[in-house]
Structure formats: C-alpha cells, structure tokens
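> Mind looking over this structure? Questions follow.
The values are calculated or read from the model by the stated rules, or taken from the named source; none is laboratory data. Remember, predicted model here, so these are calculated numbers, not experimental data. Cβ sites come from the backbone with ideal geometry, for glycine too, and all protein chains shown count toward neighbours. Side chains included, ligands, DNA and RNA excluded: accessible areas come from the protein's heavy atoms. Shrake-Rupley method; radii C 1.70, N 1.55, O 1.52, S 1.80 Å.
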Amino acid sequence: MPVFQPSKRAGVVGFEGGGDGQVLDLETAVKDGVLGGVGGGCFGVGVGEKLDLKKMIEEVNLPEVPSVFICPISLEPMQDPVTLCTGQTYERSNILKWFSLGHYTCPTTMQELWDDSVTPNKTLHHLIHTWFSQKFSQMKKRSEDVQGIASELLDTLKKVKGQARVQALKELQQVVAAHATARKTLVDEGGVAQLTSLLGPLTSHAVGSQVIAILVNLSLDSESKSSLMQPAKISILVDMLNEGSMDTKINCIRLIETLMEEKDFRSEIVTSHSLLVALMRVVRDKKHPNGNLPGLILLRTICLHNKHVRNLIVSIGAGPQLVELLPCLNPDCLELALFILDSLSSIPEGRLALKDCSYTIPNMVRLLMRVSESCTQFALSILWSVCKLAPDECSSIAVEAGLAAKLLLVIQSGCNPVLKQRAAELLKLCSQHYSDTNFISKCKLTRTIH
C-alpha cells in the first residue's frame, strides 16, 4: 500500500457543499486522472452506493490505491474519512483512537488543534466508494469472463484431438493457474473427471504433461484421487517423471504427494523401482536445482508412509547418492536429506551402505554444529549408527575427520540434553580405540578449548 504524502502546497484546496470538510489537493487529483477513471464532477456509478465499501476494499485488494484515499495513520484505504480543523483527513476510527491516547495534535502536521471536532468528508467518501465500485465491477466482469473461457475450453476438449487438444489444454492450464474462479468452474462442471479420462496407456507426453499441470492446481476429492490411482494412470505419471521436462517432473511429484494424502492410498504405488529411480534423478539434477526440494519432500513422505520401501530406496543406491549431494544443498534441502539418510540408517542394509560410502563420515562430521540443531541431531544419529556397526574401522576415520572436537562443541553448547548425551556416548565409543595421550592429540582439544 502506498504511503500517504500530504500536499506540500501552502494552501489546501477544499470542496464546498454538504457540510464536507476539506480534502488535501483532491481537485487536482481528480482533474489529473490520479483516481484512475473517476472523472471530475462525476462521483457516482450505477452500482455505487449499494455495494459495501469494506467488502470491496477487502476483495479488490489492489497493490496501488490513490494516495488521497489512504489514511496517514494506518496507511490503509479509508472507509469513513473525517477531516480535522487543520484540513488533514483521516479514517474516523484511527483519529479517534489517536485522541483517546491523549494526543490533541494533528498526526501529519503535529499542529496543536484549536478544535478537536471531526467533520465527515462526504465528497472523499463518495470518491473512494466510486473508485472501488468501478474496480470491483471490473474484477467481477473479468471473473465472469474467465469462467466463460474455462467452460468453453472444457467443451472444446470434448471435440478435438491431436495438436488442437494440446493447445486447448495449454490455454486451460494458463487460465486455471491464474484464476481461482476458473479452478472452481472447472471442478463444478466436472472438468476433473474429464481431464482424468485423458490419462491412459496411449496418452502422449504432450497431453499428459498439460493434464497434470492443470490437476495439480485443483482441489481433488476422494473420487478423483481414486481414479488417478488406477495402474494405467500411475504408469503415465511414472513415465513422465522419468522423461518429462523438469516442470513436468515437479508437477508429477506434487500430484503423487496429493494422492498420498488419501487414506486409501495404495503403498505399492511408491514401491515402484522406476518411480524411485526417477525421483532420485530429480533430486540429483544439478542443472535444475528447483527439483531438489520437491523431490526430497516426496522421498521423505515415502519414507514415513512405508517402512518397507526403505530397503528398496537403499537398493537403488540412494544412500551414497544423497551423502555426496549434501555439500551442494541449501539448508531446507539439507535437513530433508539428512532426515532421509537417518531413516535409511535405521535398517541394517542402510547402515552398511552408508558405512561403505567414503563420504559419509567426513560429510556428517562437517555438518555438526554448522546448520541447525536438527541437522546436528540427524548427523549425530547417522554417525552413531555407522560407528556402532564397525567401531574399529569407523572410529579412526571419524577422529581423523575431526569428530572428537566437534562432539566436545556439542557437549559444551546449549542444545538439548538428549543431543549432548548422544555426543558423549559417541565420544566414549571413539576413545576406546586410543590411548589417552594419543586420543588427546588426535582430538586437538587445545584448539577446541581456545
């Protein structure tokens, strides 16, 4: 919302009649077209006074409103403007609150008031109402136009095939992505079932990618989700997750996430080897890092949804792949990746795969006390699982990587007691394979303390 700037002119231009108070330079604003379509001397429109101003202000929600409509106190459009003896205009409730706090000055000019009465500024109220009425009417008209376009495109899709169908879907996707009214129209007119019916074994990727781009913008009911969980439709989803553009892959991921929210979701859908491999490709794609976060979110959801799928995730090499990716991830993605690795380390196959990866211990040690307490917690848990599996082998690697010094930092920090306890246990585990003198030298304790 723009900041109200009072007029810098020496004089204040006012309006006569109707007991109105004065308005800051309003005549110039009207004459120069600042009010966006409200002509000088014409303050009403046909729909005018019957519309509720508060509702219009809330629903129109424009980024730019003429500054003369803005209350200098709240910086919001005025609904009940009143003018002080200084000629400054404010929202009634705001200026009365100012007075109730013991201020008897004009908030804008800080002049002392010789008269604390307020005068309703009917002219300005009429202008505000007229301006918002016009914007509200335009918005409603655009909304009706959008509904008509969405209905027309749905009808078109029933009649066309080939490239004409792809073009209609592209247009529908653009309308649906931009307008809530179009999304509602599509749902109300049975468009979800119509779109879902286009997904099948013979669906081209051009059609499938557009259909999914539309579906991810809609609120799907249980019936629609059940329809999308049919094997043929899941198959096209997995195909596009493997071979589509990055935008299409992200839309497929979002749609699968939506399906997983359904209580009748079938776990075998996410135990597909092809789906998990495709998902890991998205997560590891360095050319298109915008796929990292949605890919990791879905992988985390899968880990939480089905414990048995963790073995399959390990079998496709996800553990070492995620470990190698850690240095490239932003904090949000990093926490998700560590959560997934911690989940994989909870099963024997996962622990073994992480132990055999040469980057696991150095990368986990590096992350301790670096990003967040959650990241430290996951990294500690992973290190504990790996070091417990092969204490002789892993403890020496961990200590050489600087683990002991990092563990001392955790113990001395203000993090939660459980984390400190785990750090102390891991420190004890590592120290068992060294003499006291040797361990102290390896830990570089002096540097840590100083």
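> Which residue is most open to solvent (accessible area, probe 1.4 Å), if the candidates are limited to the stretch 397-435 and must be part of a helix (DSSP H, G or I) and either basic (Lys, Arg) or on the phi > 0 side of the Ramachandran plot (or both)?
My answer is Lys428.
> Right, another one. Here is a check on your reading of the model: is Ser151 open to solvent by less than 50 Å² (accessible area, probe 1.4 Å), in a helix (DSSP H, G or I), in contact (Cβ under 8 Å) with a residue 40 or more places away in the chain and farther than 22 Å from Asp239 by Cβ?
no
> Identify, please: which residue in the stretch 296-325 is more than 13 Å from Val282 (Cβ to Cβ) and of a type in the set (S, T, N, Q) and is, among those, surrounded by the most Cβ atoms within 10 Å (Cβ to Cβ)?
Asn306
> Continuing with the same structure: Can you work out which of the residues in the stretch 98-146 that are farther than 17 Å from Met56 by Cβ and part of a helix (DSSP H, G or I) is nearest to the chain's Cα centre (by Cα)?
The qualifying residue nearest to the chain's Cα centre (by Cα) is Val146.
> Ok, one more. Taking Pro201 as meeting all but one of (1) open to solvent by 50 Å² or more (accessible area, probe 1.4 Å); (2) of a type outside the set (Lys, Arg); (3) assigned to a helix (DSSP H, G or I), write down the number of the exception.
Of everything listed in (1) open to solvent by 50 Å² or more (accessible area, probe 1.4 Å); (2) of a type outside the set (Lys, Arg); (3) assigned to a helix (DSSP H, G or I), Pro201 misses just condition (3).
> I'm trying to understand the selection: among the residues of the stretch 167-184, which are open to solvent by 10 Å² or more (accessible area, probe 1.4 Å) and either closer than 19 Å to Ser224 by Cα or in a helix (DSSP H, G or I) (or both)?
Gln167, Lys170, Glu171, Gln173, Gln174, Val175, Ala177, Ala178, Ala180, Thr181, Arg183, Lys184
> Considering only residues that are out of contact with any strand residue (DSSP E or B) (no Cβ under 8 Å at 6 or more places or on another chain) and not in a loop (DSSP other than H, G, I, E, B), look in the stretch 74-97 and name the one that is least open to solvent (accessible area, probe 1.4 Å).
Top of the filtered list is Asn94.
> Every residue in the stretch 295-348 that is free of Cβ contacts under 8 Å to residues at least 40 places away in the same chain and of a type in the set (Asp, Glu), please.
Selection gives Glu324, Asp332.
> Six or more apart or on different chains, Cβ atoms under 6 Å: show the pairs whose first residue is in the stretch 395-422 and closer than 18 Å to Glu373 by Cβ and whose second is among the charged types (D, E, K, R) and surrounded by fewer than 18 Cβ atoms within 10 Å (Cβ to Cβ).
Cβ pairs passing all conditions: Ile411/Lys420; Cys415/Glu373.
> Pull out all pairs, ordered by first then second residue, where Cβ-Cβ is under 7 Å, the residues are six or more apart or on different chains, the first lies in the stretch 256-268 and is farther than 18 Å from Asn242 by Cα, and the second is aliphatic (A, V, I, L, M) and open to solvent by 20 Å² or more (accessible area, probe 1.4 Å).
These pairs meet every condition: Thr258/Leu220.
> Next up: Does Lys233 satisfy being among the charged types (D, E, K, R), free of Cβ contacts under 8 Å to residues at least 40 places away in the same chain and outside any helix (DSSP H, G or I)?
Against the criterion (among the charged types (D, E, K, R), free of Cβ contacts under 8 Å to residues at least 40 places away in the same chain and outside any helix (DSSP H, G or I)), Lys233 does not qualify.
> Next question, about the same structure. On the given criteria, is Cys85 without any contact (Cβ under 8 Å) to a residue 60 or more places away in the chain, farther than 27 Å from Lys55 by Cβ, hydrophobic (A, V, I, L, M, F, W, C) and touching an Asp or Glu at 6+ places or on another chain (Cβ under 6 Å)?
Answer is yes for this residue.
> For the stretch 242-287, which residues satisfy the criterion of being open to solvent by less than 80 Å² (accessible area, probe 1.4 Å) and in a loop (DSSP other than H, G, I, E, B)?
Within the stretch 242-287, Gly244, Ser245, Glu262, Phe265, Ser272, Asp285 qualify.
> To continue, here is another question. So, in the stretch 204-218, how many residues would count as being open to solvent by 60 Å² or more (accessible area, probe 1.4 Å) and either in contact with a Lys or Arg (Cβ under 6 Å, 6 or more places away or on another chain) or modelled with pLDDT under 90 (or both)?
Residues that pass the stated criteria total 0.
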